[in-house]
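Shown next, in C-alpha cells, is the structure this report addresses.
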Amino acid sequence: MVAMMLPAATPMILIFAAAQARRDRHVAVPTWIFVAAYIFVWAAAGLVAYVLDLAFTELGSSHASIDRVTWVPLALGITLILAGPYQFTSRKHVCLRLCALERPLQEPTYLTAPLLQQELTTNRLPRKVH
C-alpha cells in the first residue's frame, strides 16, 4: 500500500514542506514526521487488508462451501455498497472545496474548521481564505 500511495502523495508532501518552511521553528512540524505518519497510516491499512485476506482465505479453506471465488466478489460488493454513498454526501463536496482553496495548508486549523461547519450548515463557502 505504501509503495502505491507514496508517489501520488509527493505533491502534497512538497506543499507541506514549503508551508512548514514559512512557519516558526518551534511551531512547524518536520516534514519527515509528516511522511513517517503517512507511511505508518498506509502500512497499517495494508496490514489490516492483509490480515483480513488471510482470515477470509483460512475461513474459505476450512469450509468447503465458501471458496475464494465466492467471497471475494461478495466482499468487494459490500465494500462498494458501504463506501459508495459517501460520494454523494455534502461532507465530501465540502472537503473537496476546502482542498481546492488557494492556500489550504497555510491556513491554521482553527480557520478551516469553522469554514467546514459554515459550509455544512449554509452550503456556501468563500472562494478564498485570507
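No lab work stands behind these numbers, since they all come straight from the coordinates. The structure presented is a predicted model; accordingly, all values stated were derived computationally and were not measured. Don't worry about glycine lacking a Cβ; one is built from the backbone with ideal geometry, like all the others, and counts go over all protein chains shown.
Ordered by the number of other Cβ atoms lying within 10 Å of each residue's own Cβ, fewest first, D53, D24 fall into the sequence D24, D53. Using the Cβ-Cβ distance between V41 and L74 with R0 set to 30 Å, the FRET efficiency works out to roughly 0.65. Residue ranges 4-14, 33-43 sort as 33-43, 4-14 when ordered by packing (mean number of other C-beta atoms within 10 Å per residue, highest first). Taking the charge dipole of the stretch 2-88 about its Cα centre, with +1 at Lys and Arg Cβ atoms and -1 at Asp and Glu Cβ atoms, the residue from A17, I39, P73 reaching farthest to the positive side is A17. Once you have a ≥ b ≥ c as the square roots of the Cα gyration tensor eigenvalues for the stretch 1-58, tell me rounded if a/c is under 1.5, and otherwise prolate or oblate according to whether a/b is larger than b/c. Because a/c hits 1.5 or more and a/b exceeds b/c, the stretch 1-58 counts as prolate. Relative contact order of the stretch 1-73, taken over Cα pairs closer than 8 Å and 6 or more residues apart, is 30 percent.
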